[in-house]
Amino acid sequence: MTATGTPIAVVTGASSGIGAATARQLAAAGYRVVLTARRKDRIEALAAEINEAGHQATAYALDVTDRAAVDAFASAFRTIGVLVNNAGGALGADPVATGDPADWRQMYETNVIGTLNVTQALLPALDASGDGTVVVLSSTAGHGTYEGGAGYVAAKNGARVIAETLRLEIVGRPVRVIEIAPGMVKTEEFATTRFRGDNEKAAKAYAGVAEPLTADDVAETITWAVTRPPHVNIDLLVVRPRAQASNTKVHREL
């Protein structure tokens, strides 16, 4: 997995939602996209779709919380142009008093340790490119808490802090650090996963909201930020649907 003129973009959590949409758009923008996720069948199908469209994509099954597997994956690259840390997600919406520590631990492992693992492992290849970009997909949850969201908020705060601190620590090196913080995004799996397959609860999260963001909306934002001139760093970009003024203020037409 080495580049021959075409910059490589690695996208984690690329099996669905924002990750899959970002992979498609970065491929269309001229990157050779490496798709990673645990669900091998999903990313292989997406890679085939992208290649059939005349672009370049490779699938690599990967659990970002498995450091040995991440290091083995990273060893295949000499240079990388872009890393999109998208793998993450939420579990549950319980208050602090009754939240399941196992849910908190899993969210922290994926959103924070997973981001740390992949970023650490690929940073030398990003540096070697002479023009690397690290994207951390956080959330507006990382910038403001809400009832029932403490575990996810804590995890996304961790991801946000990785981006902010890394930017300080590598200033002067040829690597940008971009944080994209989406608000309400309606994808096929996010809310359903959060509520463990309870489609009724998942639907209530978006009830009455005329137009939540889509995965493509966020992917376009990521692609725009990544394709700015090398001297331009989009430190933080918060993107919400018009109907959402904050994490706790949403216009619903009910």
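The values are calculated or read from the model by the stated rules, or taken from the named source; none is laboratory data. Keep in mind the model is a prediction, meaning the values are calculated, not measured. Positions of Cβ are generated from backbone atoms using ideal geometry, with glycine treated the same way; all protein chains shown enter the neighbour counts. What goes into the accessible areas is simple: the full protein's heavy atoms, side chains included, and nothing from ligands, DNA or RNA. Shrake-Rupley method; radii C 1.70, N 1.55, O 1.52, S 1.80 Å.
Values for this structure:
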quantity	calculated
Qualifying positions in the stretch 91-105 - in a loop (DSSP other than H, G, I, E, B) and either polar (S, T, N, Q) or free of Cβ contacts under 8 Å to residues at least 24 places away in the same chain (or both)	Ala97, Thr98, Asp100
Test: Thr6 is touching a helix residue (DSSP H, G or I) at 6+ places or on another chain (Cβ under 7 Å) and of a type outside the set (A, V, I, L, M)	no
Condition check for Val96: within 18 Å of the chain's Cα centre (by Cα) and modelled with pLDDT of 95 or more	no
Strands (runs of 3 or more DSSP E) wholly inside the stretch 1-90 containing at least 2 residues that are at pLDDT 95 or above and open to solvent by 50 Å² or more (accessible area, probe 1.4 Å)	56-61
Members of the stretch 126-162 that are open to solvent by 10 Å² or more (accessible area, probe 1.4 Å), over 22 Å from Ala191 (Cβ atoms) and in contact with a Leu (Cβ under 9 Å, 6 or more places away or on another chain)	Ile162
Tabulated pairs, the stretch 75-88, first without any contact (Cβ under 8 Å) to a residue 24 or more places away in the chain, second open to solvent by less than 20 Å² (accessible area, probe 1.4 Å) and part of a loop (DSSP other than H, G, I, E, B), C-beta under 6 angstrom, 6+ apart or interchain	none
Residues satisfying the stated conditions in the stretch 205-234, i.e. charged (D, E, K, R) and out of contact with any helix residue (DSSP H, G or I) (no Cβ under 7 Å at 6 or more places or on another chain)	Glu211, Asp217, Arg228
Test: residue in the stretch 64-75 that is under 21 Å from Leu122 (Cα atoms) and in contact with a Pro (Cβ under 9 Å, 6 or more places away or on another chain)	yes
Helices (runs of 4 or more DSSP H) contained entirely in the stretch 167-254, each with at least 3 residues that are touching a residue at least 40 places away in the same chain (Cβ under 8 Å) and surrounded by 14 or more Cβ atoms within 10 Å (Cβ to Cβ)	190-194, 215-226
Conditions (1) acidic (Asp, Glu); (2) over 21 Å from Arg24 (Cα atoms); (3) within 16 Å of the chain's Cα centre (by Cα): number failed by Glu188	(2)
Residue that is farthest from Arg167 (Cα to Cα), among those in the stretch 95-116 that are among the polar types (S, T, N, Q) and open to solvent by less than 10 Å² (accessible area, probe 1.4 Å)	Asn111
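Per-residue answers, yes or no, for (1) hydrophobic (A, V, I, L, M, F, W, C); (2) more than 20 Å from the chain's Cα centre (by Cα):
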| position | (1), (2) |
| --- | --- |
| Gly5 | no, yes |
| Ala29 | yes, no |
| Ile43 | yes, no |
| Leu62 | yes, no |
| Ala68 | yes, yes |
| Asn86 | no, no |
| Glu109 | no, no |
